[in-house]
1. Label residue 113 and residue 265 with points 7 Å out from Cα along Cα→Cβ: what is the distance between them in nm?
2. So how far, in whole Å, is the C-alpha centre of segment 271-328 from the one of segment 183-213?
3. Please report 368, 158 as a ranked list, fewest other C-beta atoms within 10 angstrom at the top and most at the bottom.
4. By how many nm would the segment from residue 299 to residue 198 lengthen if fully extended, with 0.36 nm per residue of separation less the alpha-carbon distance?
5. Which of rounded, prolate or oblate describes segment 58-142 when judged by the alpha-carbon gyration tensor and an a/c cut-off of 1.5?
6. Can you say what percent of the DSSP beta bridges in the chain, counting only those with both residues inside, are antiparallel? Round to 5.
7. Can you tell me the FRET efficiency between residue 177 and residue 143 if r is taken as the Cβ-Cβ distance and R0 is 45 Å, rounded to the nearest 0.05?
8. Mind checking the angle between helix 30-40 and the chain's longest principal axis? C-alpha axes, 0 to 90 degrees, to the nearest 10.
């Protein structure tokens, strides 16, 4: 009986492992694939498969642009670096799972019949007149399990001679001073390795090993299996680097759909004004997606910063909010190094906190883009400054997308400080809980759920004015400090119970004596 159960369990495990891998290649029907393509894919990739969907108009708004299938070049493949083209299973996987961090969606929920995907593979290959597949895969050798010793070796290999840190930065955030371009001349960025959910070929160590081995065709990510490369790595070394990269994931900065509240703990002393103050590590982080502002002119379509993390603390007098976001470039207009990697129109890096002037009752909130006439908002701005001027703090009151009144930040006690280090901005904004004018400023209240939203500008990405990213409304909660009332009540109750028991015991003893 036990043997049968073990066999069944192993069989089930084997099935799950097989289900997680790309299906074995099947013959595709290019004729049916053409029908599926014209219904699902032509809008971005174009009738000729050259990435000129809608006459090329689509590509202007996407980064990276849609793949040009006529080149036969695909970024994510398992065939060796020496092979120009991918295997059919690679194309199948890209269609099925999509490409995180790009506008290519996964189609598995729409094309539920896998044969339709195989038919698409067959048709897509016709654009480059590909007939056979390489039929070869990367030599994986013997996988090295992830362990502290392997990660340590990978760390050294990653940084030796700036092998990987040259582009990916000291902490893997893609912040090295490099202006990279893809095969179509589009601006590309080194991958932020601390955000594994954005890896286009998954963050599993085996997939990372594959990218290190094959490089990324059409991009400036080279192959480290190339024997001609001075930075070549052996199979074992590539596994160490893959394990190190996999270890860089910042899981505390993951967006969790159920988390909609920035929770501010009450501090007993002064609030930290410095972004690097260790006191911030005790504050609970909440991370939210940033999306492009596409509601009114000027719009931004090609975002570069995609998440923002908020922490908050308060005391009897003030509230302080720390904002963190990864930004590959420190955008300082007028700075020579910053200008060399920026888009032609460059602005400051900036961030804004948006709060309602009056905390609304129930779920009602102002319009999420700079408020509305009936429900104005406070806007706290911080900017990185220029080569001639330092970072700055501003205050505005918004009553609509084109209606923001500038105000004196110092007059209401709004302060801010920002620090950029290794690809991350950390900015602290502080303000008194209450001000002299409740009609123009939010008055913070302990225990009240207060709407809060964020806006962000990457100056090197040409984000200026209304060209920025933003979030919808979330909540800020100044958590009431825990008091001793429940404990005192419990102690009183315990004392009463003990007293009753003592009286009962004495009474019972007297009855016994009588």
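Here, each number is a calculation from the coordinates, and none is a lab measurement. Bear in mind that the values here come from a model prediction, so they are computed numbers and not experimental data. Methodologically, a virtual Cβ is constructed for each residue, glycine included, from the backbone with ideal geometry; neighbour enumeration extends over all protein chains shown.
1. Label-label distance for residue 113 and residue 265, simple model: 5.7 nm.
2. 25
3. On the way: 368 16, 158 20.
If I rank by nearby Cβ atoms, fewest first, I get 368, 158.
4. Computed gain between residue 299 and residue 198 is 34.0 nm.
5. Here segment 58-142 falls in the rounded category.
6. Of the beta bridges lying entirely in the chain, close to 90 percent run antiparallel.
7. 0.85
8. 30
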